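Note sheet for the following structure.
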Amino acid sequence: MKKANKIDLIGPSAAVDFVSHDIFNVPAKIDTGADSSSVWATEVNEENGVLSFVLFDSLSVWYTGEVISTKQYQLSSIKNSFGVAEFRYKVPITVRIGGKQIKARFTLSDRSNNQYPILIGRRTIKNRFVVDVGLTEDDTNKKYRVLMISTKKTPVTQKYAENIASHGKLDVTYISYADLLYETGEGGNKITLLSTGEDVATFDLVYFKTSARYSDVAAAIANYLSVRKRLFIDTALLDCTVSSKLLQYIKLTDQKILVPRSVFLLPDTLAANFQLVKEKLGVPFVLKDIHGNRGEHNYLITSEAEFNTANDELINDGVQAVAQGFIDNDGDFRVLVFGKRIYLVVERTRTNKSTHLNNTSQGASATLIDSSRLPAEVKQDCLKAADLFNREISGVDIVKDKTRDVWYCLEVNDGPQLASGSFVEQKHTGVAEYLYRKIGKYGL
């Protein structure tokens, strides 16, 4: 006689583990009204009888980038929320729910706009679980994980964190901004605790106890969490003016606009982590002021000695710097965007071979070129980047890696040297035309 399965109690949501893929504690909605289960998947591709896909998306904290391939799949007709039939792939995946290992069939779908990246339907839970819709986390012994961040760690604030944790239902991790590692650019965004490697988005809530001193740094975390639909306090950080390269890179990368691979740590922490930066970026790499312009506080690093010298200057001048992989190039481009149009493109080429900078303020030459020289997708990204920061008049700096034929966005300037510099007459004419068009648009 076949032994009956043990029936366990489960609530309206549960945590799912993909043990063989090292993905754990993914929240899932339990839906007895749905026949089958589905999981957020991207990069789905069928070729020569093999289906490949990646679980989740680069915007998800559970994204690993691992490509999963299988010959066991089928194409099924699924009705979407509007009742329209769509064809989606269905694959078997072994998961763990409530301590039970289950081989279930999952529909691969885009759940980027859903609160839960996984939906568990009745076929998966049948003969395994009984659903109690009234069961909440308060009915279990689970503690919610809170990450509390302050400007610096003090005994008083440590006691504050302990008192919050003594509530009994909260597990509080207390850190300062100096304990965080920011990675952005190719490969996507990631903000983690230096000590444990935990992603800040794996916490149930992030509590910014203080943020004024490091508003850009805190805002970068807030935007990162917001896109990933994670809770944090206070949401006012989303209104922070985008004035730093760090915050720009986080937002650009999440919008799939390619920026060079970059690493950010607060100054004292950065100075002590040459090997970490080298491991992440290789050498040479660039150290540059996150608020800098015209090539100021911008260093090409080829050795630890150069790194140490540059950091001494940065710390002495009170500068926060981002480390960025060096892009081998023959120059860069400033794309002037007024409204939703590209008005001028200036190619900047360094003439001094002793520097890596292409800024005209650092002696580089400038040439006015036709925008048709830029690939269509690059121009679209420039317009998208300017729009992302609500900048009607901006200069988008882009560069092409000459060894890989890949384009990167370096920065979106809100003050792109319009009153002076090269091609003043053309720039002023472009601004005047835009202002006239803007006034005419509103019938004044």
Next item on the list: Run residue 331 past the list (1) under 29 Å from the mean Cα position of the chain (by Cα); (2) surrounded by 13 or more Cβ atoms within 10 Å (Cβ to Cβ); (3) on the phi < 0 side of the Ramachandran plot and report the number of the one that doesn't hold.
Entry: (3)
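Answer yes if at least one residue in segment 296-305 is touching a Pro at 6+ places or on another chain (Cβ under 8 Å) and part of a loop (DSSP other than H, G, I, E, B), and no otherwise. Walk me through it before giving the result.
As a first pass, look at segment 296-305 and keep what is touching a Pro at 6+ places or on another chain (Cβ under 8 Å): 300-302.
Right, trim to part of a loop (DSSP other than H, G, I, E, B) and you get 302.
Within segment 296-305, one or more residues are touching a Pro at 6+ places or on another chain (Cβ under 8 Å) and part of a loop (DSSP other than H, G, I, E, B).
Just to verify a result, which residue in segment 221-237, among those that are hydroxyl-bearing (Ser, Thr, Tyr) and under 21 Å from residue 181 (Cβ atoms), is farthest from the chain's Cα centre (by Cα)? Break it down stepwise before answering.
Looking only at segment 221-237, we keep the residues that are hydroxyl-bearing (Ser, Thr, Tyr), and these are 224, 226, 235.
Still in the list and also under 21 Å from residue 181 (Cβ atoms): 224, 226.
Working: 224: 6, 226: 10 Å.
Among those that are hydroxyl-bearing (Ser, Thr, Tyr) and under 21 Å from residue 181 (Cβ atoms), it is 226.
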Next item on the list: Kindly indicate the residue of segment 170-223 that is of a type in the set (Asp, Glu) and not in a loop (DSSP other than H, G, I, E, B) and also farthest from residue 274 (Cα to Cα) among those meeting that condition.
Entry: 171
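Conditions tested, residue by residue: (1) among the small types (Gly, Ala, Ser); (2) free of Cβ contacts under 8 Å to residues at least 40 places away in the same chain.
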residue: 337; (1), (2): no, no
residue: 351; (1), (2): no, yes
residue: 373; (1), (2): no, yes
residue: 376; (1), (2): yes, yes
residue: 382; (1), (2): no, no
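Within segment 153-169, how many residues turn out to be of a type outside the set (Lys, Arg), under 25 Å from residue 212 (Cα atoms) and not in a helix (DSSP H, G or I)?
Initially, segment 153-169 is screened for residues of a type outside the set (Lys, Arg), giving 154-158, 160-168.
Subsequent filtering for residues that are under 25 Å from residue 212 (Cα atoms) retains 154-158, 160-165.
Now restrict to residues that are not in a helix (DSSP H, G or I): 154.
Counting residues in segment 153-169 that are of a type outside the set (Lys, Arg), under 25 Å from residue 212 (Cα atoms) and not in a helix (DSSP H, G or I) gives 1.
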Checklist line | Residues being within 21 Å of residue 29 (Cα to Cα) and part of a strand (DSSP E or B) - total across segment 53-63 | finding: 2
Check: Is one or more of the residues making up segment 43-60 touching a helix residue (DSSP H, G or I) at 6+ places or on another chain (Cβ under 8 Å) and of a type in the set (D, E, K, R)?
Finding: no
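Buried (at least 21 other Cβ atoms within 10 Å of the Cβ) and not polar (S, T, N, Q), is that true of residue 231?
So residue 231 fails the test.
Residues in segment 264-295 that are part of a strand (DSSP E or B), out of contact with any Phe, Trp or Tyr (no Cβ under 7 Å at 6 or more places or on another chain) and of a type in the set (A, V, I, L, M, F, W, C): how many?
The total comes to 0.
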Checklist line | Residue in segment 1-13 that is surrounded by the fewest Cβ atoms within 10 Å (Cβ to Cβ), counting only those that are part of a loop (DSSP other than H, G, I, E, B) and of a type in the set (Gly, Ala, Ser) | finding: 4
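Do you know which residues across segment 29-42 are under 24 Å from residue 70 (Cβ atoms) and assigned to a loop (DSSP other than H, G, I, E, B)? Don't jump to the end; show me each part of the working.
Kept after step one, since they are under 24 Å from residue 70 (Cβ atoms), are these residues of segment 29-42: 34-42.
Answer for segment 29-42, where residues must be under 24 Å from residue 70 (Cβ atoms) and assigned to a loop (DSSP other than H, G, I, E, B): 34, 35, 36.
Residues 159, 143, 209: which one is within 26 Å of residue 268 (Cα to Cα) and out of contact with any helix residue (DSSP H, G or I) (no Cβ under 8 Å at 6 or more places or on another chain)?
Values: 143 fails: within 26 Å of residue 268 (Cα to Cα); 209 fails: out of contact with any helix residue (DSSP H, G or I) (no Cβ under 8 Å at 6 or more places or on another chain).
After ruling out the rest, the residue left standing is 159.
How about segment 255-287: which of its residues are at pLDDT below 95 and either crowded, with 17+ Cβ neighbours inside 10 Å or closer than 20 Å to residue 216 by Cβ (or both)? Don't jump to the end; show me each part of the working.
From segment 255-287, those at pLDDT below 95 are 255-256; that's our starting set.
Listed by number, the list holds a single entry, 255.
Quick test for you: out of 425, 392, 411, pick the one residue that is of a type outside the set (Ser, Thr, Tyr), under 16 Å from residue 255 (Cα atoms) and not assigned by TED's automatic domain parsing to the domain that holds residue 288.
The unique qualifying residue is 411.
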Item checked: Tabulated pairs, segment 229-244, first under 25 Å from residue 319 (Cβ atoms), second exposed (fewer than 12 other Cβ atoms within 10 Å of the Cβ), C-beta under 9 angstrom, 6+ apart or interchain -> 242/390
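Tell me which residues, restricted to segment 192-213, are aliphatic (A, V, I, L, M) and within 16 Å of the chain's Cα centre (by Cα). Steps first, please.
Taking segment 192-213 and keeping what is aliphatic (A, V, I, L, M), we get 193-194, 200-201, 205-206, 212.
Selection gives 193, 200, 201.
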Item checked: 1 or more residues in contact with a Ser or Thr (Cβ under 6 Å, 6 or more places away or on another chain) and either aromatic (Phe, Trp, Tyr) or under 30 Å from residue 436 (Cα atoms) (or both): qualifying strands (runs of 3 or more DSSP E) within segment 315-412 -> 332-338, 341-349, 365-369
Margin query: Checking the conditions here, which among 111, 105, 88 is more than 26 Å from residue 200 (Cα to Cα) and in contact with a Pro (Cβ under 9 Å, 6 or more places away or on another chain)?
Written below: 105
Next item on the list: Starting from segment 155-183, keep only residues that are assigned by TED's automatic domain parsing to the domain that holds residue 224, then list their pairs with residues that are small (Gly, Ala, Ser) and part of a helix (DSSP H, G or I) whose Cβ atoms are within a distance under 8 Å, requiring at least 6 positions of separation or different chains.
Entry: 171/165; 172/161; 172/165; 174/161; 177/218; 182/220
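To keep it simple, each residue is scored yes or no on (1) surrounded by fewer than 19 Cβ atoms within 10 Å (Cβ to Cβ); (2) among the acidic types (Asp, Glu); (3) assigned to a loop (DSSP other than H, G, I, E, B).
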site	(1), (2), (3)
15	yes, no, no
27	yes, no, no
44	yes, no, no
51	no, no, no
65	yes, no, yes
69	yes, no, no
75	yes, no, no
107	no, no, no
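The values are calculated or read from the model by the stated rules, or taken from the named source; none is laboratory data. Every value quoted in this text rests on a predicted model; they were computed, and no experiment measured them. A quick note on method: Cβ atoms are made from the backbone with ideal geometry, for glycine too, and the neighbour counts reach across all protein chains shown.
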